[in-house]
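Okay, structure first, notes after.
Rule-based calculations on the coordinates, nothing more; no lab input. Because the structure is predicted, anything quoted here is derived from the model rather than measured. Here Cβ is always computed from backbone atoms with ideal geometry, including for glycine, and neighbour counts include all displayed protein chains.
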Amino acid sequence: MSDADPGRARAAVDRAADRMLDASVLQRVVVATASTALALLVGLAVVAAAGYDPLLFLGNVFEGAFGDENALARTLKFATLFILTGVAVAVAFRAGVFNIGVQGQFVVGGVVCVVAILRLAPALPTGTAGGVALLVLGTAAAALAGGAYAALPGVLKAYAGANEIITTIMLNFIAVGVVGYLVEGPLRGEGNRAPNTERIPEYVELPAVAFDSPDFSVVGLAVALAVVAVVSVVMTRTDVGYDMVTSGHQERAATYSGVDAARTVVATMTLSGMIAGIAGAVFAVMVQGYYSDPSGVGTYGFDAIAVSLLAANNPLGVVPAGLLFGALDSAGTHIGINSDVPVQLIDGIVGLVVLFVAAPELFRVVAPRAGFGGDDR
Amino acid sequence: MSVTDYAAENRVRVGSAAALVVLVAAAAVALDLLVEAIVTVGFVERALQAATPIALAAIGGLYAEKSGVFNIGLEGFMVFGAANAAAVTWLLGGGSPSQADLWLAILAAVLISVAYAVVFAVLTVRYEADQIVAGLAVWFVGLGFGPFTAVVLWGSRNSPSIASVNDLTVPVLSAVPVVGRILFDASPLVLLTAVLAVAAWVVLYRTRYGYWIQAAGENPEALDTAGVNVARVRYAAVIFSGAMAGLGGAVLLAHAGSFIGTGDTMVNGRGWIGIVAYLFGSYNPLGAAAAALLFGGLDMLQIQFQTAGIDLPNRLVNLFPYVAVVVVLTFWGSTRMPAAVGEPYESEE
């Protein structure tokens, strides 16, 4: 890049973006499928090595994920949360910002949602109208809180050069510790034995449609899919999204064509954190109805990293990846109750999926030798 | 780089660290805190013990990064180190293992970590895996299979009390006040870590191998031209980092005496703090060890606060090291990384 020629830089950015956005979807699907299959195989080998029956385990996995209406509702419940947190991760990763702090933003969003609903409820009418208003306000508060909690490491990265991977992980610990302290003490519901906040009012809930489940509502899933649609449009069809994606992959070219890299980092983190906050709100309202010690609320924000990577950080790809992880987690719940194979195995398999996804070269080298085609290179 | 060179090149850093110490001391005097109740010989001992796992992981991590591979999986290797050390101790000695069983288990945990590190090295060096994603994956795999091992062996994510390492008491010298108790009546693993830190410094800055590692990260082409196999140097550094992090996890277990697999396991972010320790220490093994001591001290403040009668909720005091990491990264975050970190190198031949 010798002389100033914004037109040429813009063209370079365009080419990079095109390559990235279209880059053989087939190839990515192959890598994702192969990674999942290989991880499951290793998982089954571990099951066998630990002295359990791998076929029985596999049967339990399917039964727990799709066996009956309960299992299906549970799968969709987890999938809803994985899709939302997965999109939060995808937004950041796509822009080259490693937001590992989705878990913390999810926790902060969830607790802020519950507190907002509890504080605002006396001021609003009870009944459906008040319930809807509280849901909207609570979710908005969650998005703001999640966004702000993610903006902090964004600012530290953009203006102080602090590695966001490490700061966001530290902020996860800090969120869990501080919120844990708050629900144990200052925010604890009156007369609660367990360290929980008060319950939100009965009329603040997502309606049960199609599934008669206490902790899953199709409305929650619809919210998740709506967020996917919005993010997908923002990332591919707007200037902001375009700047985010290009600065993630062609930082110098993007800067050269006039993108403010520091501001883009902060914007990306904020958007990512807002989505994580919404995920926290959906969890708090749909699943819990109150907030408890965050060290026990589940690691959606971490698993979301695997979901996003499996989807090649594509917001649309997060939907099938989220369903797959929802099924795996649902199977884990079932296995935890109905079999003596330790459920932690599922976490290990998730980790292996990520490990294999990280090394697509592995499949490119191994696949031809093993006689697989399926690669358009 | 000698210690004086280090001080000269990092005047701002050393100066601000000194200023920080003075500031904390001034605050303590101003607020009339019971300094002698906080900084006790027991506190120094505990801080050293808490610092060792972090220091070991940090020294391993800086070797890998110096050679051009960002081993972000230190935390995962530590989880494996702790879980495997607990498992092997249990398998050798059951509920009442001897010290020999424990030492054998530490050795075994390191060897198992070496095996995993070989896989990680092959994926990152040979198959050019995304170093950040692969490193995160190691953490996830550790968080899954570490507790999995515990559940298979003990039916619970936590182990029963197994064994912790006995202090090494040097006769006569241990009777020296203060220093004797800290250095000559202490965990042998603390002494081992100190020896390893010095050795790592000597190798990195005073031997051919150290220069190869630095060159592999700064200018792999030049190293290649000089006839040294870049991939081989990186393999060695990455495998060493896995072994050191595994040792860190095993040491954590040997000090604690039982494995905890709930939440983020007993490692609980120490691998991540290790990364910050070597960034803070400018990739210098001795600097990294000193930074680890800072984090270890913060980690142990809780007990001191309790004995000094300072009433802060435990949950919040426990967060000090994490807050310190964010502060450190904010002020020293833009440390210059080796030039070729994260880039796979392919030889022309």
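Counted residue by residue at 0.36 nm each, then reduced by the alpha carbon distance between them, the extension gain from B:Val119 to B:Thr225 reaches 35.4 nm. Rounded if a/c is under 1.5, else prolate if a/b beats b/c, else oblate: with a ≥ b ≥ c from the C-alpha gyration tensor eigenvalues square-rooted, which is the stretch B:90-202? Judged from the Cα gyration tensor, the stretch B:90-202 comes out oblate (a/c at least 1.5, b/c at or above a/b).
Sorted ascending by nearby beta carbons within 10 Å, beginning with the fewest, B:Glu65, A:Glu190 become A:Glu190, B:Glu65.
Averaged over peptide A:171-182, the number of partner chain Cβ atoms lying within 10 Å of each residue's Cβ comes to 5.
Fewest neighbouring Cβ atoms within 10 Å first, the residues A:Ile305, A:Ile335, B:Ile54, A:Ile349 line up as A:Ile335, A:Ile349, A:Ile305, B:Ile54. Farthest towards the positive end of the charge dipole of chain B, among the residues B:Thr193, B:Gly217, B:Leu168, is the Cα of B:Leu168, using unit charges on the Cβ of Lys, Arg, Asp and Glu.
Annotation: the residues A:Thr333, A:Thr36, B:Thr225, sorted from fewest to most other C-beta atoms within 10 Å of their own C-beta, follow the order B:Thr225, A:Thr333, A:Thr36. Spacing of the modelled spin labels on A:Ala37 and B:Leu92, each 7 Å from Cα toward Cβ, amounts to 4.2 nm. Taking B:Arg157, B:Arg181, B:Arg208 in turn, the Gaussian network model of chain B (Cα-Cα springs below 10 Å) assigns the largest fluctuation to B:Arg208. Anisotropy class assigned to chain B is oblate, per the alpha carbon gyration tensor with a/c at or over the 1.5 cut-off and a/b no larger than b/c. Among A:Gly43, A:Gly104, A:Gly51, which one moves the most in a GNM of chain A with springs linking Cα atoms closer than 10 Å? Between A:Gly43, A:Gly104, A:Gly51, it is A:Gly51 that shows the largest mean-square fluctuation.
The label-point distance for B:Val202 and B:Thr262, in a model that sets each label 7 Å from Cα toward Cβ, rounds to 4.5 nm. The simple Förster model, with R0 at 56 Å and r as the Cβ-Cβ distance, assigns A:Ala262 and B:Thr169 a FRET efficiency of 0.50. Here is how the number arises for chain B: DSSP H runs of 4 or more residues each give -39500 (n - 2.57), the sum is divided by the residue count, and the result at 222 nm is -23000 deg cm²/dmol. Using a ≥ b ≥ c from the Cα gyration tensor of the protein assembly as shown (square roots of the eigenvalues), is it rounded, prolate or oblate, where a/c under 1.5 gives rounded and otherwise the larger of a/b and b/c decides, a/b for prolate? Because its axes are fairly even, with a/c under 1.5, the protein assembly as shown counts as rounded. On the beta carbon distance between A:Val29 and A:Thr236, with R0 = 25 Å, the FRET formula returns roughly 0.85.
Counting only other chain Cβ atoms within 10 Å of each residue's Cβ, the peptide A:291-304 averages 1.
Helical content alone sets the calculated 222 nm signal of chain A at -24500 deg cm²/dmol, taking -39,500 (n - 2.57) per DSSP H segment of four or more residues and averaging over every residue.
Positive end of the dipole of chain A (Cβ unit charges, origin at the Cα centre): among A:Asn70, A:Thr128, A:Gly59, the Cα lying farthest that way belongs to A:Thr128. Each peptide in A:132-141, B:316-325 receives the mean, over its residues, of other Cβ atoms within 10 Å, and ordering these scores from highest gives B:316-325, A:132-141. Computed from backbone phi, the HN-Hα couplings of the stretch B:287-292 come to x, 5, 5, 5, 5, 4 Hz, rounded to whole numbers (Karplus: 6.51 cos²θ - 1.76 cosθ + 1.60, θ = phi - 60°; Gly and Pro given as x).
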